[in-house]
Each structure stands twice: as C-alpha cells, then as structure tokens.
Amino acid sequence: FATFIDFQHRIIPDEVSVGGMVVGIVFSFLIPALQGVTTTQSPWIYNHLGSLGKSLLGVLVGGGSIYAMGMIGELLFRKEAMGGGDVKFLAMVGSFLGWKLVLLTFFLSPFLGGVYGVVEKIRVKESAIAYGPFLAMSTVISMFWGEEIIKFIMRGYGF
C-alpha cells in the first residue's frame, strides 16, 4: 500500500508506517516467535520481554540507519537525501523483522533503487526517486531469504 502511494506522491503516510510500527511492537510482545524467540524453560514473561526488546532494537536500527544515511547524504549533496517517511517505514520494518533482517534490508535497498535511479536519471533527468518501493522489495527479500543470505555472507567471511 505504502509503495504505491510513494511511487505516485513521494510520500509514505504516517498512518501506515507509525501505525505499522505499533502493530509490529505489540505483535512481537504477544507472539515471541515473530522475533525468533523460542519457548524456553524461563518464565513466560521473559520470552515476551525478550521478543519486545528485539522489536524495539529493530525499530532503532532500522530508523537510525536510514536516518544516518540521510544526514550524511544531506551533508554531501547539500539537499534532502532521505525523506522522513522512509525513516519511519524502515523503523516499522524493524519492529517486525528485528535488527539483523532490517539491517540486511537497509543494505539491499540501494542495489534495487540504484538501477532504477540510473534509468530515471537518463530517461527524465530526475535524480530524486521514491525510495519506499525499494525498501519494500528489500523487506520481502529479507523476510523470505534473509537468514540464508546472512549465513551465506558470514560463511564467505569465515564467521
């Protein structure tokens, strides 16, 4: 939903991203398996609080990483490099996926958006693109294949 709005209007509504962030945090608390927390011998609440912590860390890493990238881009290019909607959108993704997969999403997005950005620059001489759709595509990749991608990368570096 946010992808189509971003493509057309270059805006991601807060109702989608902030509302989704709240849903992700609440669901992570209620369903610890969403964050990969398995039932252990510890008391019930520890599993739920651990999952909540992972969700909140995902919010910070997701929103923080893209916010930092936007600030660096603004310093380099002397104009807005990343919209606030993108920051909130990736924070929302982090609330569902946790810090590892949202970080993977953050690093996959420029590869997908870069190809489109180059084509658009040549086609219409426009350098600004809607970034939300590429965050969304990277999120889908991270959801379905993220753990395998991370394992592949870690094996390649000998970890």
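Scanning the range 111-136 for residues that are in a helix (DSSP H, G or I), within 18 Å of residue 12 (Cβ to Cβ) and out of contact with any helix residue (DSSP H, G or I) (no Cβ under 6 Å at 6 or more places or on another chain) gives 116, 117. Would you confirm whether or not the range 137-158 contains a residue that is surrounded by fewer than 13 Cβ atoms within 10 Å (Cβ to Cβ), in a loop (DSSP other than H, G, I, E, B), free of Cβ contacts under 8 Å to residues at least 24 places away in the same chain and of a type in the set (Phe, Trp, Tyr)? Yes, the range 137-158 contains at least one residue that is surrounded by fewer than 13 Cβ atoms within 10 Å (Cβ to Cβ), in a loop (DSSP other than H, G, I, E, B), free of Cβ contacts under 8 Å to residues at least 24 places away in the same chain and of a type in the set (Phe, Trp, Tyr). The residues of the range 25-59 include none that are more than 22 Å from residue 93 (Cβ to Cβ), open to solvent by 70 Å² or more (accessible area, probe 1.4 Å) and in contact with a Phe, Trp or Tyr (Cβ under 9 Å, 6 or more places away or on another chain). Counting the residues of the range 1-55 that are modelled with pLDDT of 75 or more, part of a helix (DSSP H, G or I) and aliphatic (A, V, I, L, M) gives 13.
The values are calculated or read from the model by the stated rules, or taken from the named source; none is laboratory data. Keep in mind it's a predicted model, so treat the numbers as computed, not measured. Positions of Cβ are generated from backbone atoms using ideal geometry, with glycine treated the same way; all protein chains shown enter the neighbour counts. What goes into the accessible areas is simple: the full protein's heavy atoms, side chains included, and nothing from ligands, DNA or RNA. Shrake-Rupley method; radii C 1.70, N 1.55, O 1.52, S 1.80 Å.
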